[in-house]
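In what follows, a structure is listed as structure tokens, so that the remarks can point back to it.
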Amino acid sequence: MTDATDSAPQRYIAAIDQGTTSTRAMIFDHAGQVVASEQLEHRQIFPRAGWVEHDPIEIWRNTRRVAAAVLAAGELKPHHLAACGITNQRETTVVWDRSTGKPVYNAIVWQDTRTDRLCEELGGDVGADRYRERTGLPLSTYFAGPKVRWILDNVDGVRERAERGDLCFGTMDSWLTWNMTGGPDGGVHVTDVTNASRTMLMDLRTLDWDLQICEELGIPVSMLPAIVSSSGVIAALRTGGSFPDVPLGGILGDQQAATFGQACLEPGEAKNTYGTGNFLLMNTGTEPVFSEHGLLTTVCYRLGDEPARYALEGSIAVTGSLVQWLRDNLGLIPTAADVEDLAARAEDNGGVYFVPAFSGLFAPRWRPDARGVIVGLTRYADKRHLARAVLEASAYQTREVIEAMQADSGVALTTLKVDGGMVVNELLMQFQSDILDVPVVRPVVNETTALGAAYAAGLAVGYWDSPEDIRRNWAEGQRWSPAMGQDERDTLYDGWNRAVTHSFDLA
Ligand SMILES: Nc1ncnc2c1ncn2[C@@H]1O[C@H](COP(=O)(O)OP(=O)(O)O)[C@@H](O)[C@H]1O
Ligand SMILES: O=P(O)(O)OC[C@H](O)CO
């Protein structure tokens, strides 16, 4: 349908990128260029050490606001949108009442470690590796299943309501999809295969819920969403919303969306996203590859009825959020971006290393007993060196994951494609290239997470013809090449590895 007042209306694709730090709404054109973008941060709630929560109502309100604002920013109307996609922070868990839409508890965020004891008990019962063989995931506080169990066990009356069929569980994609397609008035309760693959409840081969694991975790199947492909029209968005009657054509976990948006379409192609955490994913094709070096096996994406594509993933819990900690907890920088100038005022880290094991250590070491440490301090060290150590921590953790990925895949990385909020930091990108000794490449369109969701949605409605359009639209924006001597590289990385050992056994 075109509005008679429009002159040659170009149709566009919208994407909602609901991340750990903020929620964005973006609009893309056929070339994959950003037409408009709006973003709102939400509260990070820390009820006690190791607990991290978000308010689902605040996130839903922010989603509505940025969706309305992005149309206005682009001077567009909803009928200009051919489709909308959703991408989201993964594993973060919401349980809500299907008749009122009211969450029974805050969202428990993927960084939260309150389920550590439950994971120990589950591991003791059946052995941690049993979950990995079926779900591709190690038993860890990171994943949604144990978080659902915590809510059922610890929020009064919730288990009874769940067993009556009154409650819905979902990750952020489900929560937003349900609300955006009508909520209590007909909202659809779905999740896509990539998000389902982060719950520790889905069988990687059948792409369906593993009823035995659901039973072991005491999670009623009635509260689980239906699992859908990452690309395919799911429903029309609610008539009274910001994008009325626009087809919802794609859903992907944000790291899978970034992998898709970076055109990692063939086995061996990989990207690293520098966001609240860092997430390195390598496409491994239509067969899951199981890691021997501490990486996850996950669904990369599934387009319509095609065979799913799988990925090896290295998940790092704390990278960009360490910069937030420097800003919010220590007050050393007014904005996240200021960390670069502060770090640049020191020529090196002065021997200081910061191991940000705030949620334990994820890939490749998986040490839930670890906690954050700063080592190597002398009277010489000051806030400049601390800022540098904060940035270097992202680069060292990324090198650990890449070494594991190369060992698992047998594929030596020749260049690292990067994206996410931290990659505007040129000092970090140069250091990353130095410490890896490979070039680091940032695309012209850095918002590859939202772009990946837009591509999934656009493919579902024929706005783009094939994923090859993604490859054609991908363009190199900036490249950093190694400029560090091998001796310095080895000295720094040895210092990091020694520092990490001091973070163990502190939980
Ligand atoms: N110039 C910068 N240097 C380093 N970190 C930055 C910079 N700008 C933003 N960040 C960090 O990037 C993160 C936000 O990145 P983003 O990809 O939007 O996160 P998410 O998708 O997890 O919400 C924040 O943790 C912030 O501290
Ligand atoms: O919100 P991001 O971009 O940091 O991504 C968080 C991941 O999805 C957690 O698995």
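The values are calculated or read from the model by the stated rules, or taken from the named source; none is laboratory data. If you're wondering where the values come from, they're calculated on a predicted model, not measured in any experiment. Heads up, the Cβs are rebuilt from the backbone with ideal geometry, glycines too, and the neighbour counts pull from every protein chain shown. SASA here: full protein model, heavy atoms, side chains in, ligands and nucleic acids out. Shrake-Rupley method; radii C 1.70, N 1.55, O 1.52, S 1.80 Å.
Some observations on this one:
- Checking residue 24 against (1) in contact with a helix residue (DSSP H, G or I) (Cβ under 8 Å, 6 or more places away or on another chain); (2) closer than 25 Å to residue 422 by Cα; (3) part of a loop (DSSP other than H, G, I, E, B), the condition it does not meet: (3)
- Residue 292 part of a loop (DSSP other than H, G, I, E, B) and either open to solvent by 40 Å² or more (accessible area, probe 1.4 Å) or on the phi > 0 side of the Ramachandran plot (or both): yes
- Criterion (open to solvent by less than 50 Å² (accessible area, probe 1.4 Å), within 30 Å of residue 233 (Cα to Cα), away from ligand 2 (no atom under 16 Å from the Cβ) and assigned to a helix (DSSP H, G or I)) met by exactly one of 493, 463, 455: 455
- Test set (1) within 16 Å of ligand 2 (Cβ to nearest atom); (2) modelled with pLDDT under 95 - residue 293 fails condition number: (1)
- Residue match in segment 401-414 (condition: buried (at least 24 other Cβ atoms within 10 Å of the Cβ) and without any contact (Cβ under 8 Å) to a residue 60 or more places away in the chain): no
- In this structure, residue 251 does not qualify as open to solvent by 20 Å² or more (accessible area, probe 1.4 Å) and within 24 Å of the chain's Cα centre (by Cα).
- Whichever residue in segment 466-482 is closer than 21 Å to residue 415 by Cα and in contact with a helix residue (DSSP H, G or I) (Cβ under 9 Å, 6 or more places away or on another chain) and, among such residues, is most open to solvent (accessible area, probe 1.4 Å): 479
- A search for C-beta distances below 7 Å between a residue of segment 252-281 that is assigned to a strand (DSSP E or B) and any residue that is aromatic (Phe, Trp, Tyr) and more than 9 Å from ligand 2 (Cβ to nearest atom), counting only pairs 6+ apart in sequence or on different chains, returns 252/260; 252/301.
- Test result for residue 232, on the phi > 0 side of the Ramachandran plot and not charged (D, E, K, R): yes
- Qualifying residue in segment 86-108 (condition: touching a residue at least 60 places away in the same chain (Cβ under 8 Å), open to solvent by 20 Å² or more (accessible area, probe 1.4 Å) and assigned to a helix (DSSP H, G or I)): no
- Condition met for residue 415 (touching an Asp or Glu at 6+ places or on another chain (Cβ under 6 Å), within 29 Å of residue 18 (Cα to Cα) and not charged (D, E, K, R)): no
- Within segment 496-507, tally of residues that are open to solvent by 30 Å² or more (accessible area, probe 1.4 Å) and under 14 Å from residue 435 (Cβ atoms): 1
- Residue match in segment 352-359 (condition: at pLDDT below 95 and within 13 Å of ligand 1 (Cβ to nearest atom)): yes
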